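The values are calculated or read from the model by the stated rules, or taken from the named source; none is laboratory data. Computed from a prediction, not measured in an experiment: that's the story for all the values here. Because the Cβ atoms are built from the backbone with ideal geometry, glycine has one as well, and the counts that use them run over all protein chains shown. The area values use the complete protein model at the heavy-atom level, side chains included, leaving out ligands, DNA and RNA. Shrake-Rupley method; radii C 1.70, N 1.55, O 1.52, S 1.80 Å.
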Amino acid sequence: MAYITCGSLIREDVPRLAKENEIFLRHSITNEGCEILAKVLQTTTTLKELVFYDVGVIALKNNKFIEALAKNHTIKLLYLAYGTRCGDEGAKAIAAVLKENSSIEEIGLSYNRIGANGAKALAGALKTNKALQLLDLGRNNIGDDGAVAMADALKENTTLKTLSLYWNKIEEKGGSAILNALQQNRSSSIESIDLSGNKVS
(Lines give C-alpha, C1' and ligand atoms only; values in the text may rest on other atoms or scores of the structure.)
Protein backbone atom coordinates (compact mmCIF):
# COMPACT_ATOMS: atom_id res chain seq x y z
CA MET A 1 0.00 0.00 0.00
CA ALA A 2 1.15 3.53 -0.76
CA TYR A 3 0.49 6.06 2.03
CA ILE A 4 0.35 9.52 0.48
CA THR A 5 0.17 12.95 2.07
CA CYS A 6 -1.78 14.75 -0.62
CA GLY A 7 0.28 17.91 -0.55
CA SER A 8 3.34 15.90 -1.54
CA LEU A 9 1.91 14.52 -4.79
CA ILE A 10 3.93 15.36 -7.88
CA ARG A 11 3.54 14.28 -11.50
CA GLU A 12 6.67 12.14 -11.27
CA ASP A 13 4.75 9.93 -8.81
CA VAL A 14 2.36 8.66 -11.51
CA PRO A 15 4.39 5.66 -12.80
CA ARG A 16 5.10 4.44 -9.26
CA LEU A 17 1.55 4.88 -7.99
CA ALA A 18 0.10 3.25 -11.10
CA LYS A 19 1.84 0.01 -10.04
CA GLU A 20 0.34 -0.02 -6.53
CA ASN A 21 -2.54 -2.24 -5.40
CA GLU A 22 -3.79 0.20 -2.74
CA ILE A 23 -3.46 3.95 -2.22
CA PHE A 24 -4.26 5.66 1.09
CA LEU A 25 -4.44 9.47 0.88
CA ARG A 26 -4.31 11.81 3.87
CA HIS A 27 -4.86 15.54 4.31
CA SER A 28 -6.07 18.21 1.91
CA ILE A 29 -5.65 17.70 -1.80
CA THR A 30 -5.26 20.35 -4.49
CA ASN A 31 -6.73 20.37 -7.98
CA GLU A 32 -3.26 19.56 -9.28
CA GLY A 33 -3.17 16.56 -6.95
CA CYS A 34 -6.57 15.47 -8.28
CA GLU A 35 -5.27 15.59 -11.82
CA ILE A 36 -2.27 13.48 -10.81
CA LEU A 37 -4.64 10.91 -9.32
CA ALA A 38 -6.69 11.02 -12.51
CA LYS A 39 -3.58 10.14 -14.51
CA VAL A 40 -2.91 7.24 -12.14
CA LEU A 41 -6.45 5.95 -12.63
CA GLN A 42 -6.07 6.23 -16.40
CA THR A 43 -2.82 4.26 -16.55
CA THR A 44 -2.99 1.68 -13.75
CA THR A 45 -3.60 -2.00 -14.34
CA THR A 46 -3.15 -3.04 -10.70
CA LEU A 47 -4.81 -0.47 -8.40
CA LYS A 48 -7.76 -2.02 -6.56
CA GLU A 49 -8.32 0.12 -3.45
CA LEU A 50 -8.49 3.91 -3.12
CA VAL A 51 -8.96 5.36 0.37
CA PHE A 52 -9.38 9.03 1.26
CA TYR A 53 -8.90 10.04 4.90
CA ASP A 54 -9.50 13.62 6.01
CA VAL A 55 -8.92 14.75 2.44
CA GLY A 56 -11.91 17.02 1.93
CA VAL A 57 -14.40 17.09 -0.89
CA ILE A 58 -12.29 18.84 -3.54
CA ALA A 59 -11.46 15.57 -5.35
CA LEU A 60 -15.16 14.95 -5.92
CA LYS A 61 -15.50 18.39 -7.49
CA ASN A 62 -12.62 17.82 -9.91
CA ASN A 63 -14.03 16.77 -13.29
CA LYS A 64 -10.84 15.09 -14.48
CA PHE A 65 -10.67 12.91 -11.38
CA ILE A 66 -14.38 11.97 -11.53
CA GLU A 67 -14.18 11.15 -15.25
CA ALA A 68 -11.08 9.00 -14.72
CA LEU A 69 -12.70 7.17 -11.79
CA ALA A 70 -15.85 6.53 -13.81
CA LYS A 71 -13.87 4.98 -16.67
CA ASN A 72 -11.41 3.04 -14.51
CA HIS A 73 -11.71 -0.77 -14.66
CA THR A 74 -9.44 -1.84 -11.78
CA ILE A 75 -10.76 -0.15 -8.62
CA LYS A 76 -12.80 -2.53 -6.45
CA LEU A 77 -12.99 -0.51 -3.23
CA LEU A 78 -13.54 3.23 -2.79
CA TYR A 79 -13.57 4.51 0.78
CA LEU A 80 -14.10 8.10 1.86
CA ALA A 81 -13.28 7.95 5.54
CA TYR A 82 -14.39 10.21 8.37
CA GLY A 83 -13.16 13.73 7.71
CA THR A 84 -13.86 13.75 4.00
CA ARG A 85 -17.30 15.29 4.62
CA CYS A 86 -18.41 14.91 1.02
CA GLY A 87 -22.03 15.90 1.69
CA ASP A 88 -24.81 15.70 -0.88
CA GLU A 89 -22.69 17.16 -3.67
CA GLY A 90 -20.01 14.55 -3.13
CA ALA A 91 -22.63 11.80 -3.06
CA LYS A 92 -23.98 13.08 -6.37
CA ALA A 93 -20.48 12.88 -7.85
CA ILE A 94 -20.13 9.28 -6.65
CA ALA A 95 -23.55 8.52 -8.14
CA ALA A 96 -22.36 9.83 -11.50
CA VAL A 97 -19.36 7.51 -11.27
CA LEU A 98 -21.59 4.52 -10.47
CA LYS A 99 -23.73 5.14 -13.54
CA GLU A 100 -20.69 4.49 -15.75
CA ASN A 101 -18.23 2.43 -13.73
CA SER A 102 -18.46 -1.37 -13.88
CA SER A 103 -15.68 -2.43 -11.50
CA ILE A 104 -16.28 -0.81 -8.08
CA GLU A 105 -17.73 -3.41 -5.70
CA GLU A 106 -17.51 -1.63 -2.33
CA ILE A 107 -18.04 2.02 -1.36
CA GLY A 108 -17.68 3.41 2.15
CA LEU A 109 -19.36 6.77 2.78
CA SER A 110 -20.00 6.73 6.53
CA TYR A 111 -19.70 9.98 8.52
CA ASN A 112 -19.92 12.13 5.39
CA ARG A 113 -22.83 14.49 6.12
CA ILE A 114 -24.95 12.99 3.36
CA GLY A 115 -28.63 13.91 3.45
CA ALA A 116 -31.73 12.85 1.56
CA ASN A 117 -30.68 14.48 -1.73
CA GLY A 118 -27.37 12.65 -1.76
CA ALA A 119 -29.11 9.38 -0.95
CA LYS A 120 -31.59 9.96 -3.77
CA ALA A 121 -28.73 10.43 -6.24
CA LEU A 122 -27.02 7.25 -5.09
CA ALA A 123 -30.31 5.36 -5.23
CA GLY A 124 -30.80 6.47 -8.82
CA ALA A 125 -27.40 5.05 -9.72
CA LEU A 126 -28.16 1.76 -7.97
CA LYS A 127 -31.10 1.19 -10.29
CA THR A 128 -28.72 0.60 -13.21
CA ASN A 129 -25.37 -0.28 -11.63
CA LYS A 130 -24.53 -3.99 -11.90
CA ALA A 131 -21.22 -4.11 -10.01
CA LEU A 132 -21.62 -2.62 -6.52
CA GLN A 133 -22.04 -5.22 -3.77
CA LEU A 134 -21.54 -3.15 -0.61
CA LEU A 135 -22.61 0.40 0.22
CA ASP A 136 -21.95 1.87 3.66
CA LEU A 137 -23.94 5.05 4.34
CA GLY A 138 -23.85 4.76 8.11
CA ARG A 139 -23.82 7.81 10.40
CA ASN A 140 -25.24 10.21 7.85
CA ASN A 141 -28.60 12.00 7.78
CA ILE A 142 -30.62 10.52 4.92
CA GLY A 143 -33.87 10.30 6.94
CA ASP A 144 -37.09 8.74 5.69
CA ASP A 145 -36.91 10.47 2.31
CA GLY A 146 -33.48 9.02 1.63
CA ALA A 147 -34.54 5.60 2.87
CA VAL A 148 -37.60 5.58 0.61
CA ALA A 149 -35.36 6.43 -2.36
CA MET A 150 -33.07 3.55 -1.41
CA ALA A 151 -36.12 1.29 -1.17
CA ASP A 152 -37.12 2.23 -4.72
CA ALA A 153 -33.63 1.28 -5.89
CA LEU A 154 -33.80 -2.06 -4.06
CA LYS A 155 -36.92 -2.93 -6.05
CA GLU A 156 -34.75 -3.00 -9.18
CA ASN A 157 -31.18 -3.69 -8.10
CA THR A 158 -30.05 -7.33 -8.29
CA THR A 159 -26.36 -7.15 -7.30
CA LEU A 160 -26.08 -5.22 -4.00
CA LYS A 161 -25.48 -7.61 -1.10
CA THR A 162 -24.82 -5.32 1.87
CA LEU A 163 -26.43 -1.95 2.64
CA SER A 164 -25.50 -0.13 5.85
CA LEU A 165 -27.85 2.66 6.92
CA TYR A 166 -27.14 2.68 10.67
CA TRP A 167 -27.77 5.92 12.58
CA ASN A 168 -29.44 7.85 9.77
CA LYS A 169 -32.57 9.28 11.45
CA ILE A 170 -34.76 6.77 9.65
CA GLU A 171 -38.19 6.09 11.16
CA GLU A 172 -41.05 3.70 10.43
CA LYS A 173 -41.87 5.14 7.01
CA GLY A 174 -38.38 4.53 5.70
CA GLY A 175 -37.95 1.18 7.40
CA SER A 176 -41.27 -0.11 6.07
CA ALA A 177 -40.41 1.05 2.55
CA ILE A 178 -37.17 -0.94 2.61
CA LEU A 179 -38.91 -4.06 3.92
CA ASN A 180 -41.60 -3.82 1.25
CA ALA A 181 -38.99 -3.35 -1.46
CA LEU A 182 -37.20 -6.55 -0.48
CA GLN A 183 -40.46 -8.44 -0.49
CA GLN A 184 -41.25 -7.19 -3.99
CA ASN A 185 -37.88 -7.91 -5.58
CA ARG A 186 -37.57 -11.67 -5.90
CA SER A 187 -34.22 -11.27 -7.68
CA SER A 188 -32.62 -9.22 -4.91
CA SER A 189 -29.11 -10.24 -3.83
CA ILE A 190 -29.37 -8.46 -0.45
CA GLU A 191 -27.86 -10.48 2.39
CA SER A 192 -27.61 -7.77 5.05
CA ILE A 193 -29.17 -4.37 5.78
CA ASP A 194 -28.02 -2.55 8.91
CA LEU A 195 -30.66 -0.19 10.28
CA SER A 196 -29.36 -0.06 13.85
CA GLY A 197 -29.58 3.28 15.62
CA ASN A 198 -32.74 4.27 13.72
CA LYS A 199 -36.31 4.49 15.00
CA VAL A 200 -37.55 1.39 13.20
CA SER A 201 -39.08 -1.71 14.73
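For a quick check of your reading of the filter: which trypsin sites (Lys or Arg not before Pro) in the stretch 7-69 sit in a DSSP loop and have no more than 16 other Cβ atoms within 10 Å?
Within the stretch 7-69, the qualifying trypsin sites (Lys or Arg not before Pro) (loop, at most 16 other Cβ atoms within 10 Å) are LYS19, LYS48.
What does the charge dipole of the stretch 135-186 about its Cα centre add up to, to the nearest 20 debye, if the Cβ of each Lys and Arg holds +1 and the Cβ of each Asp and Glu holds -1?
For this selection, approximately 180 debye.
If the elastic network links every pair of Cα atoms under 10 Å, which of GLU191, GLU22, GLU171 fluctuates the most in the Gaussian network model of the chain?
GLU191
From Cα pairs below 8 angstrom and at least 6 apart in sequence, can you work out the relative contact order of the chain, rounded to a whole percent?
RCO, the chain: 14 percent.
Heads up, I need the accessible area for ASP152: 1.4 angstrom probe, whole protein in place, Å², nearest 10.
60 Å²
Scale the Cα Rg of the chain by the rule-of-thumb value 2.2 N^0.38 Å and send over the ratio, two decimals.
The reported ratio for this selection is 1.02.
Once you charge only the Cβ atoms, +1 for Lys and Arg and -1 for Asp and Glu, what is the size of the charge dipole of the stretch 15-137 about its Cα centre, to the nearest 20 debye?
My answer is approximately 220 debye.
When the chain is modelled as a GNM with alpha-carbon springs shorter than 10 Å, which of GLN42, GLN183, GLN133 fluctuates the most?
Maximum among the listed residues: GLN183.
Using only the alpha-carbon atoms, how far is helix 87-100 inclined from the longest principal axis of the chain? Give it as 0 to 90 degrees, nearest 10.
80 degrees
Given labels modelled 7 Å from the Cα in the Cβ direction, how far is it in nm from THR5 to HIS73?
3.7 nm
Report Rg(Cα)/(2.2 N^0.38 Å) for the stretch 1-94, keeping two decimals.
0.95
Per residue, how large is the accessible surface of the chain? Use a 1.4 angstrom probe and give square angstrom.
47 Å²
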